[in-house]
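The values are calculated or read from the model by the stated rules, or taken from the named source; none is laboratory data. From a predicted model like this one, the values you see are computed outputs, not experimental measurements. For neighbour counting, all protein chains shown are included, and Cβ atoms are generated from backbone atoms with ideal geometry for every residue, glycine included. Side chains included, ligands, DNA and RNA excluded: accessible areas come from the protein's heavy atoms. Shrake-Rupley method; radii C 1.70, N 1.55, O 1.52, S 1.80 Å.
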Amino acid sequence: MEMEIDYVYEEKFLQELLVSLRLFNPILYSKINRTGKLNTMIGEIFEIRDPDFYLAGYYANFGLLALSKFVEHSTHLSKEQIEQIKRHPTLSYEFLLQKGLGNVADYVYYHHELPDGSGYNGIDNYPKESAYINIADTFEGLISPKPYRPPHTFREAVSITLKPYRDGMLVPKNELREIEKLLYTFYNQTLESL
């Protein structure tokens, strides 16, 4: 028998976790918080009411906490280090399963998959919600400065982020147009906050 999820508690837990991250790991706080916010904005334009989707946007990169020495690396990562970073969806997934958040875990596990099967695990059949999280996560990463590169411009970031979805198979083209408008707004808000 599955236990009912107390979403009020889970949201409070997440907010307290974000406060702690902001104090103790500001780099990951920024990544996790901005990806979660952008994912929430995407969900709002498509009227997604699923609380699991919103939690997944924030928890998608939670596994990076175990890999923070690579995240905070000041130079390009080696192939071996990149392979370690690619474990973060699985680490996040395992954490969420332990919390009893199975649906959240599923969205998170697939958030680095791509429609053509070229994602981290080579899976091409996964929830559309995971694609939205991928879009939020990828775009946030591209517009954020890194120790080894400046942030991408809006045009660069949106082109790279949406390219895997341009065929309209997983995310319809009308949705991509709405997402692109939203990414522009998010980009400008992010520039103002830096």
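Considering the stretch 1-34 alone, what residues qualify as being farther than 18 Å from A136 by Cα and either small (G, A, S) or part of a loop (DSSP other than H, G, I, E, B) (or both)?
If the condition is that a residue be farther than 18 Å from A136 by Cα and either small (G, A, S) or part of a loop (DSSP other than H, G, I, E, B) (or both), then M1, E2, M3, E4, I5, D6, S20, N25 are the ones that fit.
Going through the stretch 81-106 one residue at a time, which ones are open to solvent by 30 Å² or more (accessible area, probe 1.4 Å), part of a helix (DSSP H, G or I) and either polar (S, T, N, Q) or closer than 21 Å to K163 by Cα (or both)?
Listed by number, the residues that qualify are Q81, Q84, T90, Q98, N103.
Please go through the stretch 158-189 and give me each residue that is surrounded by 15 or more Cβ atoms within 10 Å (Cβ to Cβ), more than 15 Å from D116 (Cα to Cα) and either of a type in the set (F, W, Y) or touching a Pro at 6+ places or on another chain (Cβ under 8 Å) (or both), ordered by number.
Across the stretch 158-189, the qualifying residues are F186, Y187.
For every residue, the table says whether it meets (1) assigned to a helix (DSSP H, G or I); (2) on the phi > 0 side of the Ramachandran plot; (3) touching a residue at least 24 places away in the same chain (Cβ under 8 Å).
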| position | (1), (2), (3) |
| --- | --- |
| N125 | no, no, no |
| E156 | yes, no, no |
| N174 | yes, no, no |
| R177 | yes, no, no |
| L183 | yes, no, yes |
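Return the residues of the stretch 107-116 that are open to solvent by less than 20 Å² (accessible area, probe 1.4 Å) and either modelled with pLDDT under 95 or in contact with a Gly (Cβ under 7 Å, 6 or more places away or on another chain) (or both); say none if nothing qualifies. Walk me through it before giving the result.
First, the residues of the stretch 107-116 that are open to solvent by less than 20 Å² (accessible area, probe 1.4 Å): 108, 111, 113.
Within the stretch 107-116, E113 is the sole residue that qualifies.
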